[in-house]
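The values are calculated or read from the model by the stated rules, or taken from the named source; none is laboratory data. Quick caveat, the model's predicted, so the values are computed rather than measured. Here Cβ is always computed from backbone atoms with ideal geometry, including for glycine, and neighbour counts include all displayed protein chains.
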Amino acid sequence: MSGLAKILLIFILFINPALHSQDTNIVKYFPLSVGNVWVYYGSYFTVQCQSSYYQKISVDSIRILNNHKYYKLSLTTRFISGSNCGYSQIYNGYYRVDSSNGNVYRYGINTNCPFNPTEFLIDSLRSRSGDTSILCSNSELSRKIARDTIVQNIFSFDKPSKYFEGGNFHEYGFFTRYVKDIGISHMSQGGISLASGSNLMGCLINGNLYGDTNYFFVGIQQISAETPRSFGLSQNYPNPFNPVTKIRFAVGGKSSAQIFLSVFDVLGNEVAVIVDQNLKPGIYEVDWDASSYPSGVYLYRLTAGDFSITKKMTFIK
């Protein structure tokens, strides 16, 4: 490189520090990976409805849509007191983080946004303090502002974070904080007669457990190391149930296998993925919490390679 070229490069980096200080691991502010789980405690207050609740958000599966990789997020709410009213900025659906621009998207037909008709922009994680993101239109309710990018102490770790505000900030606003390596630690909304929000209690991120998830976190328990002769699926118990039921299944063979245990409604729509893991031979048991689903008959299906078996269960509130 010539001396003049070196001088120009140094000058460019000096006047634009973003070129060399930009976080190339921006996706770590919202780590999406199958098996990751976040557990929140929340409250909701309006004149008409008040409640307190726990919420679990889990990453269930991956799907390719419009040449993008999306992660299916499932939201489950367990009410502790009050009526069945709650709040979350994450809904059941497909989400992705664009590593090139840091944008968080939710898949869906967005008829109000002609320049992005198949996605909803949630936040832009590359934002610096004071930056504004236009979600779609120029209206007040379609803007998100990065208010701060401070270091937050969470689960005894000091982590970089980004705090976003949306809305018009006097009649109605919505707020989100992302923490690097953790995900969303806080989400809330507020207005003249509305106040609700959720704070992270604990999470399971890429196999690492943080905080307290004992109240809500449900994992797979291996109840026997005995090697079954074949794959199998037992009838859930109790059945009928309200709102939690146990499902036992067997992983046969001589080596580990990729196991899928999914729940479907009577129309054949997949409503939940309970297990999506590589498991060694043995007998396992897992809980399914249906508290956020309507009463009715559901099908649950175990799939492992060419093996597949389906059974029925009944949820009665």
*Considering only the stretch 76-105, state which residues are buried (at least 16 other Cβ atoms within 10 Å of the Cβ) and of a type in the set (S, T, N, Q).*
76, 77, 88, 89, 103
_Enumeration of residues in the stretch 122-150 that are out of contact with any Ser or Thr (no Cβ under 7 Å at 6 or more places or on another chain), in a strand (DSSP E or B) and among the hydrophobic types (A, V, I, L, M, F, W, C)_ = 122
*Please enumerate the residues belonging to the stretch 265-304 that are small (Gly, Ala, Ser) and within 18 Å of residue 60 (Cα to Cα).*
268, 272, 290, 291, 292, 304
*How many residues, within the stretch 80-128, are more than 19 Å from residue 26 (Cβ to Cβ) and touching a residue at least 40 places away in the same chain (Cβ under 8 Å)?*
6
*Of the residues in the stretch 271-313, how many are outside any strand (DSSP E or B), within 19 Å of residue 78 (Cβ to Cβ) and over 22 Å from the mean Cα position of the chain (by Cα)?*
1
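Looking at the stretch 227-236, can you tell me whether even one residue there is aliphatic (A, V, I, L, M), outside the structural domain of residue 54 (by TED's automatic domain parsing) and within 23 Å of the chain's Cα centre (by Cα)?
no
Would you mind stating whether residue 95 is in the same structural domain as residue 207 (by TED's automatic domain parsing), closer than 24 Å to residue 143 by Cβ, under 10 Å from the mean Cα position of the chain (by Cα) and not polar (S, T, N, Q)?
Yes, satisfied.
Rundown of residues vs (1) basic (Lys, Arg); (2) closer than 23 Å to residue 163 by Cα, yes/no style:
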{"residue": "102", "(1), (2)": "no, yes"}
{"residue": "106", "(1), (2)": "yes, yes"}
{"residue": "109", "(1), (2)": "no, no"}
{"residue": "119", "(1), (2)": "no, yes"}
{"residue": "127", "(1), (2)": "no, yes"}
{"residue": "135", "(1), (2)": "no, yes"}
*Test residue 268 against the stated conditions and say whether it is modelled with pLDDT of 90 or more, not assigned by TED's automatic domain parsing to the domain that holds residue 53 and not in a strand (DSSP E or B).*
yes
*When residues of the stretch 84-121 are filtered for being of a type in the set (A, V, I, L, M, F, W, C) and in a loop (DSSP other than H, G, I, E, B), how many remain?*
5
_What pairs come out if I take residues in the stretch 278-307 that are farther than 25 Å from residue 266 by Cβ and pair them with residues that are modelled with pLDDT of 90 or more and assigned to a loop (DSSP other than H, G, I, E, B) whose C-beta lies under 7 Å away, six or more apart or interchain?_
281/228; 281/252; 283/228
